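K.L.:
Sending over a structure as structure tokens; questions will come in a sec.
Readers should treat all values here as calculations from the given coordinates under stated rules, not as data from a laboratory. Note that the structure is predicted; figures quoted are calculated from it, not measured. Positions of Cβ are generated from backbone atoms using ideal geometry, with glycine treated the same way; all protein chains shown enter the neighbour counts.
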Amino acid sequence: MSTQDRLPETNADADAVPHDATAGDVPTELDLRGLNCPMPVLRTAKALRPLIFGARISVLASDPLARIDIPHFCREHGHVLEECDTTGEALRFVIRKGMGPETGS
């Protein structure tokens, strides 16, 4: 098996998020379990970058600080946190990409 044929060792590859996701799509799942602060937020930001406005991603994280960090990241960067719950031993966030931080009035 060549190096190109091998699957990644973890599911935490943010590059797996499709670049052509549309606003109504079922959220793409980003598995960040096992990563510690600040990696869940950094990988989430990287996954959101190429997506269009309104696209959704579902993020799984096991780091307890993600419960604080990811909602804060969403508020600061203009994304909508649609869901935040616990699934087994992981935290699950559903994020809708926003247009960016509000510029104020």
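K.L.:
Name the residue farthest towards the positive end of the dipole of the range 21-96 from the options L91, L65, L51, assuming +1 on Cβ of Lys and Arg, -1 on Cβ of Asp and Glu, about the Cα centre.
P.N.:
It is L51, whose Cα lies furthest towards the positive end.
K.L.:
Let me ask something else. Would you mind giving the average projected area, over all directions, of the Cα convex hull of the range 21-96 in nm² with one decimal?
P.N.:
4.3
K.L.:
Whose amide H sits under 5 Å from the amide H of R33, counting only residues 5 or more places off or on another chain, with H placed in the peptide plane?
P.N.:
S62
K.L.:
Quote to one decimal, in nm, the extra length available between R67 and M99 on full extension: 0.36 nm per residue of separation minus the C-alpha distance between them.
P.N.:
9.3 nm
K.L.:
Which net charge results when you count Lys and Arg as +1 and Asp and Glu as -1 among the other residues whose beta-carbon is under 15 Å from that of N36?
P.N.:
Result for the local shell: -1.
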